[in-house]
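A quick write-up on the structure given underneath.
The values are calculated or read from the model by the stated rules, or taken from the named source; none is laboratory data. Keep in mind that what you see is a predicted model, and the values were worked out from it rather than measured. Note: ideal-geometry Cβ built from the backbone for every residue, glycine included; neighbour counts use all protein chains shown. To get the accessible areas, we keep the full protein, side chains included, count just its heavy atoms, and leave off ligands, DNA and RNA. Shrake-Rupley method; radii C 1.70, N 1.55, O 1.52, S 1.80 Å.
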Amino acid sequence: MAQQRICLRLGMTPEAPLQWWREGDAGVQLSETPQALAQYGAGEAAVILAPAAAMLTLRAQMPAMPAQRLRQALPYALEEQFAGDVEGMHFAHGSRDERGGVPVVAVEHERMQQWLGLCEQAQLRPQAMYNEALSLPWQQGEWTLLLQPEAALLRTGRESGYALEHGQWQQLLTLGWEGRDEGVHTLRVYDVRPGTDAAPLPELAGAEIKQEPCEHALSLLCRGAGNNPVNLLQGEYSRREKVGRLWAPWRATAILLAVVLGLQLVLAVYNYLRLSEQDEALYAETFELFRKAFPEIKNVSAPRLQMERELTALREGGATGAFTVLLGRSGKALSETSGVSLLGLRYREGRLELELELESLPRLDQFKARLEQHPLEVEVRNASARGDKVEASILVSEAGA
């Protein structure tokens, strides 16, 4: 009998109901608790779709290195894009491309432990865990939007996607579309909201809108999970399969084969060990060189990468933040400040220029303070009264950029 598999979608909180679908079943199911799900799927393999709102999709330029060393180096390569301590973050990566780009999904360790705890309570065996936004269908030159009653998901590239907050998705979508790559002209939309009074799509300049039928969001995401570029179950969260039972019938054959091939492998093993020793020696030399060049840095795990970063910072003064980071933080500040309307947006050289209409000048000071709390650096370009309103232009960049 073929092994069944469950596709499970998690909510933002442990108390949220669990949506799940099992291969061969007619439709999507809902379980209020993990224990209720265990009555149907105990012991089954599972693909987990985790909420995109709890994660950040990134891209890092990295030299070729073993996977274990790459996972150790990623926090240092990306720490400038985080306001807090990266020690509390889990960084999962996809395959490195020919230009050295590595797709990365960052999520708090506390979240990962919480999600795996829910799977354990449901008695499921997670085979993979994905950012749900990166399981949306996607093609070159397109964005994909999934509209749901509680929130929206937007995938803007093969390795980039995020959640749009309820009540703010139209504004955030408009901001993002205005700053899109030149080659993007199509927005593919899947709408699973009930009723006819749902908020419509905003006007998007130059957009070709393609409405696609979709009965349920989970069925759409499950179909795309196989093409998701980053599996979160890496490093300390990887699942080690128990293969001893599978190997038992072949053990005698494997021993005989090892004896036959042993002499041929001796030379290859010798060369491998010799090259490994040379690699370790070079690593040690690089480590010592870094400590001498930068004695004030105490935590050294990827000396070559850290040295490149420090030298680049000395030459160029550091790197700028990503558009999605500025957009997300500015959008959150907008949602938290009443009496502020966005008139326009421009993105250039790592800075976001916001054209605003405000109820009063004190509202401008309040909104500026909100941005600085996220944290962002804010520069007010100009502010002028227009009747009973105030129009202002401000520049936003990452703190310390």
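Within the listed set 135, 31, 384, the Gaussian network model of the chain (springs between alpha-carbon atoms below 10 Å) gives the highest mean-square fluctuation for 384. Here is the short version for the chain: 119, 214 have no other Cys C-beta closer than 4.7 Å.
Please give me the summed charge of the neighbours of residue 96: other residues whose Cβ is under 15 Å from its Cβ, Lys and Arg +1, Asp and Glu -1.
Local charge sum for residue 96: +2.
Partners of residue 298 within straight-line reach, counting aspartates and glutamates whose Cα lies under 14 Å from its Cα and excluding those fewer than 8 residues away in the same chain: 288, 310.
The phi-based Karplus calculation (6.51 cos²θ - 1.76 cosθ + 1.60; θ = phi - 60°) puts the 3J(HN,Hα) values of segment 163-175 at 8, 10, 5, 4, x, 10, 5, 5, 5, 5, 4, 4, 4 Hz, whole numbers, x for Gly and Pro.
Taken per residue, the accessible surface of the chain reaches 56 Å², heavy atoms only and a 1.4 Å probe. Compute the Cα gyration tensor for segment 1-106, then decide on rounded, prolate or oblate, letting a ≥ b ≥ c be the square roots of its eigenvalues: rounded whenever a/c is under 1.5, prolate when a/b is larger than b/c in the other cases, and oblate in all that remain. Because a/c hits 1.5 or more and a/b exceeds b/c, segment 1-106 counts as prolate. Solvent-accessible area assigned to carbon and sulfur over segment 327-401 amounts to 40 percent, based on a 1.4 Å probe.
In vacuo Debye scattering of segment 155-210, one point per C-alpha: log10 I(q)/I(0) at q = 0.16, 0.18, 0.29 Å⁻¹? Results for segment 155-210 at q = 0.16, 0.18, 0.29 Å⁻¹ read -0.53, -0.68, -1.59.
When the chain is treated as a Gaussian network with alpha carbon springs shorter than 10 Å, the biggest mean-square fluctuation among 372, 353, 212 belongs to 212. Model label sites at residue 353 and residue 109, defined 7 Å from Cα along the beta-carbon direction, differ in position by 4.3 nm.
Using a 1.4 Å probe on the protein chains only, how many percent of the accessible area of segment 64-125 belongs to carbon and sulfur? Write down the numbers at each step before the final one.
Values: 1300 of 3060 Å².
Summing carbon and sulfur atoms, their accessible area is 42 percent of the total for segment 64-125.
What is the chain by shape, rounded, prolate or oblate, if you read a ≥ b ≥ c off the alpha carbon gyration tensor as root eigenvalues and call it rounded for a/c under 1.5, prolate for a/b larger than b/c, and oblate otherwise? Oblate, because a/c is 1.5 or more while a/b does not exceed b/c.
Classify segment 93-132: rounded, prolate or oblate, from the alpha-carbon gyration tensor (a ≥ b ≥ c, eigenvalue square roots; a/c under 1.5 rounded; otherwise prolate if a/b is larger than b/c)? Walk me through the numbers before you get to the answer.
Details: a/c = 4.61, a/b = 2.33, b/c = 1.98.
Since a/c reaches 1.5 and a/b is larger than b/c, the shape of segment 93-132 is classed as prolate.
In the elastic network of the chain, a GNM with C-alpha springs shorter than 10 Å, the most mobile of 382, 271, 131 is 271. A 1.4 Å probe, protein heavy atoms only, puts the accessible area of residue 55 near 20 Å².
Near residue 371, within a Cβ-to-Cβ distance under 15 Å, what is the net charge of the other residues, with Lys and Arg +1 and Asp and Glu -1? Write down the numbers at each step before the final one.
Working: positive: 329, 332, 351, 363, 368, 370, 381; negative: 336, 353, 355, 365, 372, 377, 379, 398.
Charge balance in the 15 Å sphere: -1.
For residue 115, the shell of other residues with beta-carbons less than 13 Å away shows a net charge of -2, using +1 for Lys and Arg and -1 for Asp and Glu.
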